[in-house]
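First up is the structure itself, then whatever we jot down about it.
The values are calculated or read from the model by the stated rules, or taken from the named source; none is laboratory data. On a predicted model such as this, the values are computed, not experimentally measured, just so you know. With ideal geometry, Cβ positions are generated from the backbone for all residues, glycine too; neighbour counts draw on all protein chains shown.
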Amino acid sequence: MLGYAGKVLYVDLSTGKTRTEKLNEETAKKYIGGIGLGMKLWLANSTAGVDPLSPQNPLVLALGPVSGTMFPTGGNGHAFITKSPATGAVGEAVSHGTFGAELKRAGYDAIILTGKSERLIYLWIDDDSVQLLDASQLAGKSPSETEDAIKDEIGDYYVRVASIGLAGEKLSKIASIINEKTRAAGRTGLGAVLGSKNVKAIAVRGTRDITVAKPEEFMDMVRDFHERMKGPSTQKYRTLGTVENILVNNTMFCMPTRNYSTAHFEDAEKVSGEALNEKYVSKIIACSSCPMRCEHEAVVREGPYKGAMARIEYESLWALGPYTGVNKLDAIIKAAELCNYYGLDAQSTGVTVGFVMDCHEKGILTHDDLGGIDAHFGNADALLQLIEKIGKREGIGNILADGVKAAAAKIGKNSEKLAQHIKGLEVTGYDLRCLKTAALSYAVSFRGADHNRSSAYAVDLKGKVDRLKAEKGRGKLVKDLEDTYALLDSFIVCKNARGTFYKDLQDMAKLYSSVTGIDMSVEELAASAERINTIARLINTREGLTRKDDTLPWKVMNEPIPDDGPVKGAFVTQDELDLMLDDYYLSRGWTPDGVPTTKKLKELGMEEFKSIVEPKEA
Amino acid sequence: MVKIHERKFVSCDPEKCVGCQTCEYACSFNKEEAFNPIKSRIRVVRENQVVNMAVTCRLCEDPACIAACPRDALTQSTETGIITIDKDKCNGCGWCIEACDYGAMMLHPETKTVYTCDLCKDKADGPQCVKWCPEEALTLVTSDVLAQKARISAIKKLFQEKGQP
């Protein structure tokens, strides 16, 4: 069983005790690694109804079988898996960089953190040695400062660090876990879970060799994928980057603007990917083992935000820009830098600021409520001030730091209609009113509003279907995409490289076998993909989520797109959503309430979980 | 006497280097049959997000590593400039590591003797890091060719700025 380290590390933060267990080969093959293995381990180590911010909620850090190898983008990823404090559903996010590869070399496939440390600590994993070290001197520091301080303290500048900022320490439900300064496991409030355990950071040094089962076959694949990475399937990421989407989505009238007031931003040119690259992108850098390199580092060289630096992607640019109505790129870069500084998910933060501005414009939140911040759409100063408040949990920031769902519940006055989220996770940069396959995919996504569980928006945008129509067949489309994406996040390979897998399952099965030496057929891999999506649904079912949670934000279902253009008047009705949900559940072999059946569990070799579904199946 | 056009080494252009570590993986796989950056003869430094550069042996004309070795374990080929380590003589004291201004001399975690870049002299297609570098940031060059390139780009820039053909 090469590729895998063969070991799972358990750390009880309450007692400081650690132990390792062998990774079972059958489990590894069935759940692959990454989010698949992570969800399996989370489910096995938690009890139903666990409070996400309690010591009893395990936080799993999982790697894939290719982590640590030279496989392009495959060597470098890691995934955090837990129960999300934002949604009460599966909380997971994948990040890339070099951290995952280092952890694999330290000899682990997964780490399970349970309990809660008495005081703020950081976990220092030095191959076999695992220590809980005092982090009181790191309290309040940004992830970047934390990383530098830990490297200084340990005296090794190649140590890799993932950490939380002040937002995570203050249990903000939109806090992320950041590694290597600009990479984030951003979504679902994972930073709060690490913070709730009094863990400031995880620092790793791994010195072991990573070897693969079939070196010649593997290196042939690496060579082939290096070529593919230079081809058309990754061109977007290598050139303008994901920020190219600003003008594309704006032209298609599917870019939610000013808290979903419109689907089109009149100042899109000013915040376009083209403008960003021309004026601000200073360097494009790469994660470990990646010949594609896509990380666009933007630097502000002059003006009031001089010196600001952040990695900018479409989602962060959209959320902090068009979604708040802000049309100044330098302020948006500063805002992204502030999100990194406090350890906040830039997407959820931007959407939360957009929500506040909408509340202010509609008179729900007054100038006084906002501590004097002039939170009109488009006010860049207000954007930056609100992020500071959220990061520090000061004033209005104390309410906003838990995201729009929790904020609306506290604010009241019908503000929940302005809170654009699904299951408690803030929306992303695709207007679901005119992208109906995407709307279904967001509704059923196990971690809430999310383009990354399937990128079904591409089916709509590329015109493969009528994007304004809800019809049978969309369920199967979403299911198939979700299955591919579950594998990407379990292997773990980068989603920006998804196009290089010309034959998804064949390529991945061959990669799996050449790395691990474990035979893997296309059929077995397809079953693993389905199993991974099913275990996510099992977790959500166990934690009390049902069909009614597979819904859409209020504006998506009640406020038609107002912009003159090709999609004017579009929105999603409950009937349309119901039709697509029925179709999706049917294609998954689940009950009309979205519960996996015992028959399906048997088919996938998951009978150990039938106690979760039996009472709900009838 | 070594001719000026014979002594090549692996040079990294920081303008092109993206810090992907592909060179480290290629090197350690070629030399050690394993993916392990700490066994790579070339190492990547990400000084900050926008400053990335890979560093390996410069094949210096008067190598400080050789001068620093009290056991005469290090020798330099007069033809290629490649530094060879006599593993029987090396006791891993690390003076050569301290002496090298580039951090290109490293201690092997298992053999506990030092090692450095040998330009993959056993490989017909030359240094594997150069071959694999996806950004073409690494090149096998002589000092003279580096100087030539610098001169050419300086002149190009000057005449572009002056708006002349």
For this session: State whether the residues of segment B:86-107 include one that is within 14 Å of chain A (Cβ to nearest Cβ) and either among the polar types (S, T, N, Q) or crowded, with 16+ Cβ neighbours inside 10 Å (or both).
Result: yes
Exercise. Is there any pair linking a residue in segment A:558-583 that is small (Gly, Ala, Ser) to one that is assigned to a loop (DSSP other than H, G, I, E, B), with Cβ under 6 Å and at least six apart or on different chains, and which?
Worked result: A:Gly565/A:Phe253; A:Gly569/A:Pro560; A:Ala570/A:Leu468; A:Ala570/A:Ile561
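State which residue is nearest to the other protein chains (Cβ to nearest Cβ) when the search covers only segment A:51-73 and only residues that are within 15 Å of A:Glu102 (Cβ to Cβ) and among the small types (Gly, Ala, Ser). If you could, list the steps in order and put the result at the bottom.
So the first thing to find is which residues in segment A:51-73 are within 15 Å of A:Glu102 (Cβ to Cβ), and the list is A:61-64, A:66-70.
Next cut, among the small types (Gly, Ala, Ser) only: A:62, A:64, A:67-68.
Numbers: A:Ala62: 19, A:Gly64: 14, A:Ser67: 10, A:Gly68: 6 Å.
My answer is A:Gly68.
Quickly run through segment A:485-522 and pick out the residues that are of a type in the set (Gly, Ala, Ser), buried (at least 19 other Cβ atoms within 10 Å of the Cβ) and modelled with pLDDT of 95 or more.
Taking segment A:485-522 first, the residues of a type in the set (Gly, Ala, Ser) are A:486, A:490, A:497, A:499, A:509, A:513-514, A:517, A:521.
If we keep only those that are buried (at least 19 other Cβ atoms within 10 Å of the Cβ) as well, we get A:486, A:490, A:497, A:509, A:513-514.
Passing the criteria: A:Ala486, A:Ser490, A:Ala509, A:Ser513, A:Ser514.
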For this session: Could you figure out which of (1) among the charged types (D, E, K, R); (2) touching a residue at least 12 places away in the same chain (Cβ under 8 Å); (3) part of a loop (DSSP other than H, G, I, E, B) isn't true of A:Lys464?
Result: (2)
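Need a quick list: strands (runs of 3 or more DSSP E) entirely within segment A:1-87 having at least 2 residues that are surrounded by fewer than 24 Cβ atoms within 10 Å (Cβ to Cβ) and free of Cβ contacts under 8 Å to residues at least 60 places away in the same chain.
Values: elements: A:7-12, A:17-22, A:59-62, A:78-83.
Ranges flagged: A:17-22.
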Seminar exercise, completed: Selection over segment A:206-235 where residues are farther than 23 Å from A:Leu103 by Cβ, acidic (Asp, Glu) and either more than 11 Å from chain B (Cβ to nearest Cβ) or surrounded by 15 or more Cβ atoms within 10 Å (Cβ to Cβ) (or both) yields a count of 4
Problem set entry | Which numbered condition B:Leu59 fails, given (1) touching a residue at least 24 places away in the same chain (Cβ under 8 Å); (2) out of contact with any Phe, Trp or Tyr (no Cβ under 6 Å at 6 or more places or on another chain) | (2)
Exercise. Mind checking which residues of segment B:42-87 are of a type in the set (Gly, Ala, Ser) and within 11 Å of the chain's Cα centre (by Cα)?
Worked result: B:Ala54
For this session: Note down all Cβ pairs under 8 Å where the first residue falls in segment B:135-159 and is more than 14 Å from every other protein chain (Cβ to nearest Cβ), the second is among the aliphatic types (A, V, I, L, M) and not in a strand (DSSP E or B), and they're at least six residues apart or on different chains.
Result: B:Thr139/B:Val130; B:Leu140/B:Leu119; B:Leu140/B:Val130; B:Thr142/B:Ile4; B:Ser143/B:Ile4; B:Asp144/B:Ile4
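When you scan segment A:251-275, how many residues do you find that are part of a helix (DSSP H, G or I) and without any contact (Cβ under 8 Å) to a residue 24 or more places away in the chain? Lay out the reasoning, then the answer.
Within segment A:251-275, the subset part of a helix (DSSP H, G or I) is A:251, A:268-271, A:273-275.
Those still in the list that are without any contact (Cβ under 8 Å) to a residue 24 or more places away in the chain too: A:251, A:269.
Adding up the residues that qualify gives 2.
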Problem set entry | Residues within segment B:29-54 that are among the aliphatic types (A, V, I, L, M), crowded, with 18+ Cβ neighbours inside 10 Å and more than 8 Å from every other protein chain (Cβ to nearest Cβ), tallied | 3
For this session: Scan (1) more than 14 Å from chain B (Cβ to nearest Cβ); (2) crowded, with 19+ Cβ neighbours inside 10 Å for the single condition A:Arg293 breaks and write down its number.
Result: (1)
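Of all residues in segment A:407-432, how many are surrounded by 20 or more Cβ atoms within 10 Å (Cβ to Cβ) and either more than 29 Å from A:Asn250 (Cα to Cα) or in contact with a strand residue (DSSP E or B) (Cβ under 6 Å, 6 or more places away or on another chain) (or both)?
Step one: of segment A:407-432, the residues surrounded by 20 or more Cβ atoms within 10 Å (Cβ to Cβ) are A:407-408, A:411, A:415, A:418-432.
Next, only the ones that are either more than 29 Å from A:Asn250 (Cα to Cα) or in contact with a strand residue (DSSP E or B) (Cβ under 6 Å, 6 or more places away or on another chain) (or both) stay: A:411.
Going through segment A:407-432 one residue at a time, the tally reaches 1.
Residues are listed down the side, and each one gets a yes or a no for (1) touching a Ser or Thr at 6+ places or on another chain (Cβ under 8 Å); (2) more than 27 Å from B:Cys27 (Cα to Cα); (3) among the aliphatic types (A, V, I, L, M); (4) outside the structural domain of A:His421 (by TED's automatic domain parsing):
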site: A:Leu190; (1), (2), (3), (4): yes, yes, yes, yes
site: A:Lys200; (1), (2), (3), (4): yes, yes, no, yes
site: A:Thr211; (1), (2), (3), (4): no, no, no, yes
site: A:Phe225; (1), (2), (3), (4): yes, no, no, no
site: A:Ser233; (1), (2), (3), (4): yes, yes, no, no
site: A:Arg238; (1), (2), (3), (4): no, no, no, no
site: A:Gly241; (1), (2), (3), (4): no, yes, no, no
site: A:Asn245; (1), (2), (3), (4): no, yes, no, no
Exercise. List pairs: first in segment B:7-27 and within 14 Å of chain A (Cβ to nearest Cβ) and outside any loop (DSSP other than H, G, I, E, B), second aromatic (Phe, Trp, Tyr) and buried (at least 19 other Cβ atoms within 10 Å of the Cβ), Cβ under 7 Å, 6+ apart or cross-chain?
Worked result: B:Thr22/B:Trp132; B:Cys23/B:Trp132; B:Tyr25/B:Phe35; B:Ala26/B:Trp132
Exercise. What are the pairs, 6+ residues apart or on separate chains, where a residue within segment A:276-290 that is within 12 Å of another protein chain (Cβ to nearest Cβ) and within 24 Å of A:Gly77 (Cα to Cα) has its Cβ under 6 Å from a residue that is charged (D, E, K, R) and in a loop (DSSP other than H, G, I, E, B)?
Worked result: A:Ile284/A:Arg293; A:Ala286/A:Arg293
Problem set entry | Complete set of residues in segment A:112-152 that are out of contact with any Leu (no Cβ under 9 Å at 6 or more places or on another chain) and basic (Lys, Arg) | A:Arg119, A:Lys151
Seminar exercise, completed: Residues of segment A:341-383 being farther than 23 Å from A:Thr262 by Cβ, among the charged types (D, E, K, R) and either touching a Pro at 6+ places or on another chain (Cβ under 6 Å) or buried (at least 24 other Cβ atoms within 10 Å of the Cβ) (or both), in sequence order, are A:Asp345
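Can you tell me which of A:Thr551, A:Thr597 is outside the structural domain of A:Asp51 (by TED's automatic domain parsing), surrounded by fewer than 21 Cβ atoms within 10 Å (Cβ to Cβ) and free of Cβ contacts under 8 Å to residues at least 40 places away in the same chain? Show your work before the answer.
Working: A:Thr551 fails: free of Cβ contacts under 8 Å to residues at least 40 places away in the same chain.
Step by step, each of A:Thr551, A:Thr597 is checked, and only A:Thr597 is outside the structural domain of A:Asp51 (by TED's automatic domain parsing), surrounded by fewer than 21 Cβ atoms within 10 Å (Cβ to Cβ) and free of Cβ contacts under 8 Å to residues at least 40 places away in the same chain.
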For this session: Of the numbered conditions (1) in contact (Cβ under 8 Å) with a residue 40 or more places away in the chain; (2) in contact with a Lys or Arg (Cβ under 9 Å, 6 or more places away or on another chain); (3) charged (D, E, K, R), A:Glu118 fails exactly one; give the number of that condition.
Result: (2)
